[in-house]
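The values are calculated or read from the model by the stated rules, or taken from the named source; none is laboratory data. The structure displayed is predicted, hence computed values, not measured ones. Note that each Cβ is placed from the backbone with ideal geometry, even for glycine, and that neighbours are counted across all protein chains shown.
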Amino acid sequence: MKNRKHKSDLVILFATLGLMALGLIIIYAIGPMRANVLNSTYGTDYDPNYFFLGQLRSVGLSLLAFFAAFKWIPYKYIKKAAKPMMIIALVLSALLWVLSLIGSPLAKCELGECRWFNLGFTSIQPAEFLKLALVIYLADYLARKKEEGVIGKWREFWLPLLVVCGLSLLLVVVAQGDLGTGVALIAIIFGMLLVAGVPAKQYLLMLAIVIAVAVGSVAISSHRMERVNAWLDTLTGQESSDSTYHIDNAMLAIGTGGMTGVGIGNSVQATGYLPESINDSVFAIMGETFGFIGLFTVIAVFAVILLRMLKVADHTADTEERLYTVGVFSWMLAQVVVNIMAMTGLVPVTGITLPLLSYGGTSMIFLSFAIGLVLQISCYTSREVIKNEDINSRGRLGGTHYTSRRRSP
């Protein structure tokens with residue numbers, strides 16, 4: 001039975017909106033520089049405000065998705081669409097792969113990898129929809145299997161799960177060459193499996209297999225091995241080279257920012273030195289612009305959102321809603337941690353965006369929808385508080401204890 005509706009988690013609400021606003025500010029500052037770099041290098045004709053207006057449009061659509069999930073679409077309807085959404089996500093990913101194989105203009109390719117549908121007026125990345133669909137599907141699947149008492153059984157539990165998850169990873173990591181999204185999918189899967197109560201031995205075995213496959217996929221890819229070797233060169237203090245260019249300039253940007261940064265509009269790295277300055281490298285640009293204090297604040301805001309999500313999950317009575325919240329938490333945590341670690345030289349550069357801050361529409365829209373559903377779930381949380389009283393109090397009150405419900409968080 002669902003708890004009575006109460007106020008949503010305002011911390012998640014305002015922290016999310018704050019990150020979107022900050023993303024707009026940073027894209028406004030460096031967007032003209034990015035346009036100038038592309039125009040000079042590739043002979044394009046981007047308007048100085050092109051990227052800011054694109055980000056503004058993305059934020060507008062993201063806010064629409066966010067409040068649609070938060071206020072207008074009850075979760076009970078979302079859970080009913082779990083299987084159809086998963087099927088559609090897999091079909092779209094497979095279709096993109098086929099279109100890329102036949103060289104169709106509908107498949108947009110960059111640096112040899114085809115990850116977007118080219119719709120003319122815009123492009124859409126199906127892998128972002130796949131993340132959302134997988135979280136919703138796994139929440140429904142794991143909750144049902146937990147209720148049936150078959151968690152951990154091969155035929156009833158593992159076989160269907162491995163088919164769906166394996167196909168998802170195949171279409172993203174192998175067909176699209178997107179290891180960054182693959183990391184996010186793996187985080188979602190194992191985060192939700194942990195909460196679902198999978199036996200420890202089975203959990204660790206599956207995790208070991210996935211890690212082994214991931215290492216193998218890196219080892220057989222020359223492009224990925226170049227990134228690993230560049231990372232190792234950086235760690236061991238080797239001289240800068242073409243392969244270490246990206247991470248060298250990212251760390252230079254952060255170091256240049258010092259404590260308080262060079263200020264908005266004064267970034268040097270955004271003028272063409274740091275690759276993907278408005279996408280994967282936006283954290284480094286913020287370090288240059290706002291300094292250590294700014295980066296610490298951004299990390300703190302992400303930490304607050306993630307911790308509040310855990311609190312929502314902890315205080316949610318419904319198993320499926322708890323699993324869903326943990327899935328979104330794992331999704332966001334993976335992208336934040338991997339992106340920041342890559343920009344600070346702690347892991348190889350993987351090409352993963354920083355949630356709500358990097359330029360791009362598809363990623364922000366689907367994550368905003370996902371967070372909106374978490375906010376909806378936060379309106380129905382509860383916490384059981386039992387207070388035991390001493391003997392004298394029991395005598396005066398005429399009872400042994402009482403139980404009350406407190407709205408939380």
When you look at residue 59, is it within 27 Å of residue 267 (Cα to Cα) and in contact with a Leu (Cβ under 9 Å, 6 or more places away or on another chain), yes or no?
yes
Based on this model, can you work out whether residue 290 counts as more than 19 Å from the chain's Cα centre (by Cα), on the phi < 0 side of the Ramachandran plot and surrounded by 13 or more Cβ atoms within 10 Å (Cβ to Cβ)?
yes
Go through segment 320-349 residue by residue and tally those that are farther than 19 Å from residue 13 by Cα and within 14 Å of the chain's Cα centre (by Cα).
6
Filter segment 229-242 down to the residues that are buried (at least 17 other Cβ atoms within 10 Å of the Cβ) and either of a type in the set (A, V, I, L, M) or under 20 Å from residue 280 (Cα atoms) (or both) and list them by number.
230, 231, 234
Would you pick out the residues in segment 203-240 that are out of contact with any helix residue (DSSP H, G or I) (no Cβ under 8 Å at 6 or more places or on another chain) and under 30 Å from residue 148 (Cα atoms)?
204, 205, 208, 209, 211
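Conditions tested, residue by residue: (1) modelled with pLDDT under 95; (2) within 22 Å of residue 347 (Cβ to Cβ).
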site: 117; (1), (2): yes, no
site: 142; (1), (2): no, no
site: 145; (1), (2): no, no
site: 161; (1), (2): no, no
site: 197; (1), (2): yes, no
site: 222; (1), (2): yes, yes
Name the residue that is surrounded by the fewest Cβ atoms within 10 Å (Cβ to Cβ), counting only residues in segment 147-156 that are closer than 16 Å to residue 206 by Cα and touching a Phe, Trp or Tyr at 6+ places or on another chain (Cβ under 9 Å).
152
It is to be established whether one or more residues within segment 139-146 are within 23 Å of residue 353 (Cβ to Cβ) and surrounded by 18 or more Cβ atoms within 10 Å (Cβ to Cβ).
no
List, please: which pairs have Cβ atoms under 7 Å, are six or more places apart or on different chains, and start with a residue in segment 253-271 that is touching a residue at least 40 places away in the same chain (Cβ under 8 Å) and at positive phi and end with one that is aromatic (Phe, Trp, Tyr) and assigned to a loop (DSSP other than H, G, I, E, B)?
none
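Are any residues in segment 114-171 among the small types (Gly, Ala, Ser), in a helix (DSSP H, G or I) and either more than 20 Å from the chain's Cα centre (by Cα) or more than 18 Å from residue 99 (Cβ to Cβ) (or both), and if so, which ones? Give the derivation first.
Applying the first criterion (among the small types (Gly, Ala, Ser)) to segment 114-171 yields 120, 123, 127, 133, 139, 143, 149, 152, 166, 168.
Still in the running and in a helix (DSSP H, G or I): 127, 133, 139, 143, 166, 168.
Listed by number, the residues that qualify are 133, 139, 143, 166, 168.
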With the requirement that a residue be closer than 26 Å to residue 336 by Cβ and either surrounded by fewer than 19 Cβ atoms within 10 Å (Cβ to Cβ) or over 23 Å from the mean Cα position of the chain (by Cα) (or both), what does segment 32-52 give you?
33, 34
With the checklist (1) surrounded by fewer than 15 Cβ atoms within 10 Å (Cβ to Cβ); (2) modelled with pLDDT under 95 in hand, flag the one item residue 107 doesn't pass.
(1)
Got at least one residue in segment 339-347 being polar (S, T, N, Q) and farther than 22 Å from residue 147 by Cβ?
yes
For residue 124, state whether it is out of contact with any Pro (no Cβ under 8 Å at 6 or more places or on another chain), without any contact (Cβ under 8 Å) to a residue 24 or more places away in the chain, more than 21 Å from residue 374 (Cβ to Cβ) and not aromatic (Phe, Trp, Tyr).
no
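Suppose the filter is assigned to a helix (DSSP H, G or I), in contact with an Asp or Glu (Cβ under 9 Å, 6 or more places away or on another chain) and in contact (Cβ under 8 Å) with a residue 12 or more places away in the chain; does residue 191 pass it?
Values: assigned to a helix (DSSP H, G or I): yes; in contact with an Asp or Glu (Cβ under 9 Å, 6 or more places away or on another chain): no; in contact (Cβ under 8 Å) with a residue 12 or more places away in the chain: yes.
Answer is no for this residue.
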Unique match (being more than 30 Å from residue 177 (Cα to Cα), of a type in the set (A, V, I, L, M) and touching a residue at least 60 places away in the same chain (Cβ under 8 Å)) among 65, 94, 139, 143:
143
Considering each of 308, 322 in turn, give the residue that is charged (D, E, K, R), in contact (Cβ under 8 Å) with a residue 12 or more places away in the chain and either touching a Ser or Thr at 6+ places or on another chain (Cβ under 7 Å) or assigned to a loop (DSSP other than H, G, I, E, B) (or both).
322
Across segment 272-305, the tally of residues that are in a helix (DSSP H, G or I), in contact with a helix residue (DSSP H, G or I) (Cβ under 7 Å, 6 or more places away or on another chain), over 30 Å from residue 382 (Cα atoms) and aliphatic (A, V, I, L, M) stands at 5
